[in-house]
Structure formats: structure tokens, C-alpha cells
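The values are calculated or read from the model by the stated rules, or taken from the named source; none is laboratory data. Small disclaimer: the values here were computed from a predicted structure and weren't measured. As a convention, Cβ positions derive from the backbone with ideal geometry for all residues, glycine included, and neighbour counts pool all protein chains shown. With ligands, DNA and RNA removed, areas are computed over all heavy atoms of the protein, side chains included. Shrake-Rupley method; radii C 1.70, N 1.55, O 1.52, S 1.80 Å.
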Amino acid sequence: MSVPGRWPLKIVIGLAWPAVLEQLLNIVVDWTDAYIAGHLGTVALAAVGLSGQIVNLVAVFFGALGVGATALVARAVGAGDPDQAGRITLQALLSAVVIGVVGMAFAGIGGAWMFVALGAEPAVGAAARIYLNLVALSFPAMAFLFVGNAALRGAGDTLTPMRVWAVVVFTNAALAWALSGPWGLFHLGVAGLGIAAAMARTVGAMLVGMRLWRGTPRLALPHRGLGLEWEVLKRILRVGLPAGAEQLLLQLALLNLTGVITALGTAAYAAHQIGLRVMSLSFLPGWGFAVAASTMTGQALGARQPEAGRRATFSALLLALMLMGAMGLALALGGPLLVDLFTEDPEVIRQGAAALRITALIQPAMALSFVFSGALRGAGDTHYTLLITATSIWLVRLPIALLFAHGLGWGLPGAWMGMLADFAVRAMLFGWRFMSGAWERVRV
């Protein structure tokens, strides 16, 4: 594939909108679980949210391989080498399945201890263990799904991941409703939600595998030589390990933040989980245009046309700022109505609505952070993104959240002020790195 010297906005949008819909569908999975769990009670809602923190921690390692696969596949496609793109994808998938098995064991052994360490109330911890143990059975399939989709995005195919997630969403919703919904056939509680999530992601992994096996003009799995190629794997890890370390430190910091919020009480933590799900709607443009920037930057470098990647990133940034600003304002005004959909607890509604008023302030910084960091990861500049994310979340978000939430007594909104400060710092530093042009010289 030859990278155009100029990236028209329609190409940027063409890559971004399926990624936006994919992320929306991913959010719908969380919303479905939260909606049903919320109607099972505050304990169930908090349990699903708390176990989700552990799932996210394990998924960090899947994401690390995904970042490496995206960057290297994009460069191979940009250089017009689909065979190399296929070999890279295969190595990433084989490694992902192995890591998925390890993650499954980790969740089964260490999950209960982590719930205690996070300060969960006994009833919440017991329900969270049930949910986590069932979801963990699908970790190998989840790893395959995440990495397969990442490779497809690197090849410029954002439609397939979106379609796969559509199937995952409807499978999860149907099973969750049947197994745990208030009018479903069974009443398995959080266990039903865990079974539904595991089965839906397994179906998604099967669909991605079929697509990669059939192949596309830019990417197809090799049908021979299915063993590990250590040189290719080392290249993936050279890019992916810093990205994985970045996300691991991020998730560990978020677990510590969870401890800050659970100390405010179960109602505050339930409100926090609902608030994040509602606010995640405003993440959608940032995520989509970050994917577009990552894909186009990688392909531009593969074609040795870095200026095309620079123009594409600024096009993506402009659109992300416009859309995220509008959505942030809408959520700040209408967020309380959405919080009300998840729970009937008046204290949870009150705290969730208060936190969402900060949403509009966060959006511009989040758009800058998403798009610039996406472009840097697409270029393979993951050592820098590791440094900035880890520094900001540990030295900015956590201290400010602790000070405002407990020291000044602002509660949950104070914890969210830490989020605002964190994204503001990241936006400035990611922007500086991109403008410096150092990413153009990164070797992968």
C-alpha cells in the first residue's frame, strides 16, 4: 500500500468512525452489565465494577502485544509487505494466547487477595470473586480478540473489529439478560453476568480468527510455519513492552485510586463506576481519532513519508477537539439523567451527578492526550508514552485525588479533579513530544 502524500479528511474519518463505533459497542457491554447489576443491587454493581479493575489489569498485557502488533503491521503495510504483516500478526497472536492462560491463573489465585487489599466490603468481595472467576475463563480468547483486532487496525481495517464487537455486544446482552436480567429465564445474579461476558468474548475471538485466516489484501495469516519466530517476537515486544508497562502502571495507579474512592463508601464507589461509564461516551471521538492517528503514522513511516503522518494527526486532533468538547458539554448537562438509568439509590445518583459536572472541563485535554499519544504509539515511540503516563498518573492524579477527596473533604468530585489535572499534564507533554519530531526517528 502506498501512503498518500496528503491524507484527506475523508480518509481520517473513514478510519476513525468504525473505531468510534467499536468503542461505543465496547461501552455498551459495560453498560449492559452495569444496568443489570444495578438492578440486582448496590453490592452487585460495586462487585462488577471492582472485578472489572482486575480484568483491566490483566488486559494490560493483551494491550501491550496489541500496540506492538499495530505499529509493526502498519509499517509493514506502509512498506508494501503484506507477508511480513501476516508473520507479525501470527507471532503476536501466539504470544497473546500464552499470556491469556497466565492471566487466567493469576485471576484465580490472586483475585480474592486483591479485593481484600482494595478494601472491599465482605459482601462486595464475595460477589466480585464469583464474577471474576467466570470471566477469567475467557482470558485466552480475550487476548486473541484484542490482538487480532489491533493487527487489523494497523492494516487500516477498522471495519472488521467494529463488526466483531457488534456481535460481542448482542451476544453478551442476550445472555446477560437471559441469565441475570430481572425478566430473564434464570436468576444467576453476578454469576450470569460473568458467564455472558466470557461466552461473548469467546465468540468474538472465533470471528476474528476466521477473518485473519481468510485474509485481506493487506493482511493474512501464514498457513505454514506456525511456530514462534523469536526475532519477530522481539520486535513486537520492543514496542509493546513499554506500552504494557505504561498501562500496567496506569492500572496499578487506578487500583490505588479505587482504594481512595472505596474509603468514601460503597455509594461513592458505585457512583464512580456509573460516572465513568457515562463519561466514557465522550471518550469515543478521542479513541477513534487516536486509532486513526496511530494507523496513519505507522503507515506513513513505513512508506518513509513522515510529513503525511504529521498532517493526518493534526486533522484527527481538530475533529477530536470539536466532537469531544460538544459531547462533554452534553454530558455535563444531561449526565444526571443517565446516572438515573443505572440505579435507584438516591445517594449514588447525587454523587454520580456531582462528579459528571467536571466532565466538560476534562474534554479538551483528553482529546489532545488521546490523539498525540496515539500517533506516538503508532510510530513505536512507546518509551516516551510510558514515561509521561506513569509520571503524570502517579505524581499528579493520585496525590491531587487524595488531597481533594479526603484532605479537603470534597468527596468523589475531588477525586475527579485529580483526573482533570492528570490529563492536562499529559496533553502538554505528549504535544511537546509530537511537535519535536523525535517520533520520526524511532526504530522498531
Within segment 172-218, DSSP-loop chymotrypsin sites (Phe, Trp or Tyr not before Pro) with at most 10 other C-beta atoms within 10 Å are TRP183
Quick note, segment 15-57: a/c under 1.5 would make it rounded; otherwise a/b > b/c is prolate and the rest oblate (a ≥ b ≥ c, C-alpha gyration tensor); here it is oblate
With only helices counted (DSSP H, runs n ≥ 4, each -39500 (n - 2.57)), the per-residue ellipticity at 222 nm for the chain, to the nearest 500, works out to -28500 deg cm²/dmol
Per the chain, sqrt(5λ) over the Cα gyration tensor eigenvalues, sorted largest first, in Å, gives 34, 26, 19
The chain: relative contact order from alpha carbon pairs under 8 Å, six or more residues apart, as a whole percent, is 23 percent
Using alpha-carbon positions, the gyration tensor of segment 1-126 gives root eigenvalues a ≥ b ≥ c; with a/c under 1.5 called rounded, otherwise prolate if a/b exceeds b/c, else oblate, the class is oblate
For segment 390-444 (alpha-carbon point model, no solvent) the Debye-based log₁₀ I(q)/I(0) at q = 0.15, 0.22, 0.27 Å⁻¹ works out to -0.50, -0.75, -0.93
For the chain, dividing by residue count, accessible area per residue (probe 1.4 Å) in Å² works out to 38 Å²
Most packed first (mean Cβ within 10 Å per residue), the peptides 126-135, 434-443 order as 126-135, 434-443
Given 106-119, 331-344, 277-290, 233-246, the highest-first ranking by average Cβ count within 10 Å works out to 277-290, 233-246, 331-344, 106-119
TM-like helix rule applied to the chain (DSSP H, alpha carbon span at least 24 Å on the long axis, mean Kyte-Doolittle at least 0.5) gives 9-40, 42-78, 82-117, 159-180, 190-214, 230-262, 266-302, 306-342, 359-378, 412-436
In units of 2.2 N^0.38 Å, the Cα radius of gyration of segment 128-183 is 1.38
Under the rule rounded for a/c under 1.5, else prolate if a/b exceeds b/c, else oblate, using alpha carbon gyration tensor axes a ≥ b ≥ c, segment 206-315 is classed as prolate
Diffusion coefficient in µm²/s returned for segment 339-444 by Stokes-Einstein, Kirkwood Rh over C-alpha pairs, 10 °C and 1.306 mPa s, is 105 µm²/s
